[in-house]
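The values are calculated or read from the model by the stated rules, or taken from the named source; none is laboratory data. Quick caveat, the model's predicted, so the values are computed rather than measured. Methodologically, a virtual Cβ is constructed for each residue, glycine included, from the backbone with ideal geometry; neighbour enumeration extends over all protein chains shown. Protein only, heavy atoms only, side chains kept; ligands, DNA and RNA dropped before computing areas. Shrake-Rupley method; radii C 1.70, N 1.55, O 1.52, S 1.80 Å.
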Amino acid sequence: MSLVAEAFVTQLAAAEPWPENAALYQQLKDEQILLSDNASSLAVQAFLQMCNLPIRVVCRANAEYMSPSGKVPFIHVGNQVVSELGPIVQFVKAKGHSLSDGLDEVQKAEMKAYMELVNNMLLTAELYLQWCDDVTVEEITHPRYGSPYPWPLNRILSYQKQWEVKRKMKAIGWAGKTLEQVLEDVDQCCQALSQRLGTQPYFFNKQPTELDALVFGHLFTILTTQLITDELSEKVKNYSNLTAFCRRIEQQYFEVHDKDSSAIAARSAKRSLLR
């Protein structure tokens, strides 16, 4: 199919109403999914909740390999499969649902800049911790990532993924960083987010945008995931308005919709922010 024809088919599909059986795919939530993928999945779930679009979470051991981009989460809507938050936001917008239409051009540019900050700092820090910190790799990452597969495939897949992430870290200049330096980067990112949020309920005042969904996904997951130490979550907890922000979105967009929702069940059992 030509690019023009593919674009036309996609446009037609986007014009169809949102189905009730739309599904979001991620790895197995209890024994397999890692911090970074859990955060990305929760960000998409939060975004769809904010758009008031129903989604069913489906956990598959091979979700990463089912995804068209090789990354999770991805959504299956009608005949369309779309992966990662950015493309999903655009797909949903084509269906007539947008959280950022009320922003002016300057605000939209600022929103995109902060989303880049989160992806470049928080997401990269999560990947570094998972795949470059030796203790975390041996005690958490390798056992969880390869858990659905028999030996030696579980180790082969884990080492292959670790090699890919370390190659990326080298390309972006993170390979030589220490854990302390990475945690300092996280702190600087949280400081910037805290200053931008201020005393507002959301980053752009009273209505959430995809930035709020992205930040919530990462911060909430960091706060509620059991790691080797609490050093990462402590960086977030230093900013009371960010933890309050996470509590507010959890209450408004997950607990209010359904106390037994898949999104809430997908988080780690370490602790609830509401306790």
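For Lys108, are the conditions met, namely being assigned to a helix (DSSP H, G or I) and among the basic types (Lys, Arg)?
Yes, satisfied.
So that you can scan it fast, the table gives a plain yes or no per residue for (1) hydroxyl-bearing (Ser, Thr, Tyr); (2) at pLDDT below 95; (3) over 23 Å from Lys206 (Cα atoms); (4) touching a Cys at 6+ places or on another chain (Cβ under 6 Å):
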{"position": "Leu34", "(1), (2), (3), (4)": "no, no, yes, no"}
{"position": "Asp37", "(1), (2), (3), (4)": "no, no, yes, no"}
{"position": "Ser40", "(1), (2), (3), (4)": "yes, no, yes, no"}
{"position": "Ala46", "(1), (2), (3), (4)": "no, no, no, no"}
{"position": "Met50", "(1), (2), (3), (4)": "no, no, no, no"}
{"position": "Ile55", "(1), (2), (3), (4)": "no, no, yes, no"}
{"position": "Val118", "(1), (2), (3), (4)": "no, no, no, no"}
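Restricting attention to segment 67-81, which residues are open to solvent by 20 Å² or more (accessible area, probe 1.4 Å) and either within 21 Å of Phe203 (Cα to Cα) or of a type in the set (A, V, I, L, M) (or both)? Steps first, answer last, please.
As a first pass, look at segment 67-81 and keep what is open to solvent by 20 Å² or more (accessible area, probe 1.4 Å): 68-71, 76, 78-81.
Correct list: Val81 only.
Checking each residue in segment 124-174 for being assigned to a helix (DSSP H, G or I), small (Gly, Ala, Ser), farther than 18 Å from Ile228 by Cα and open to solvent by less than 30 Å² (accessible area, probe 1.4 Å) picks out only Ser158.
Would you pick out the residues in segment 172-214 that are among the small types (Gly, Ala, Ser) and within 22 Å of the chain's Cα centre (by Cα)?
Kept after step one, since they are among the small types (Gly, Ala, Ser), are these residues of segment 172-214: 173, 175-176, 192, 194, 198, 213.
Correct list: Ala192, Ser194, Ala213.
Contact map, segment 229-255: first residue under 23 Å from Phe47 (Cα atoms), second residue of a type in the set (Lys, Arg), Cβ cut-off under 7 Å, separation 6 or more or different chains; pairs are Thr243/Lys237.
There is at least one residue in segment 88-101 that is farther than 21 Å from Pro19 by Cβ, touching a Ser or Thr at 6+ places or on another chain (Cβ under 7 Å) and surrounded by 15 or more Cβ atoms within 10 Å (Cβ to Cβ).
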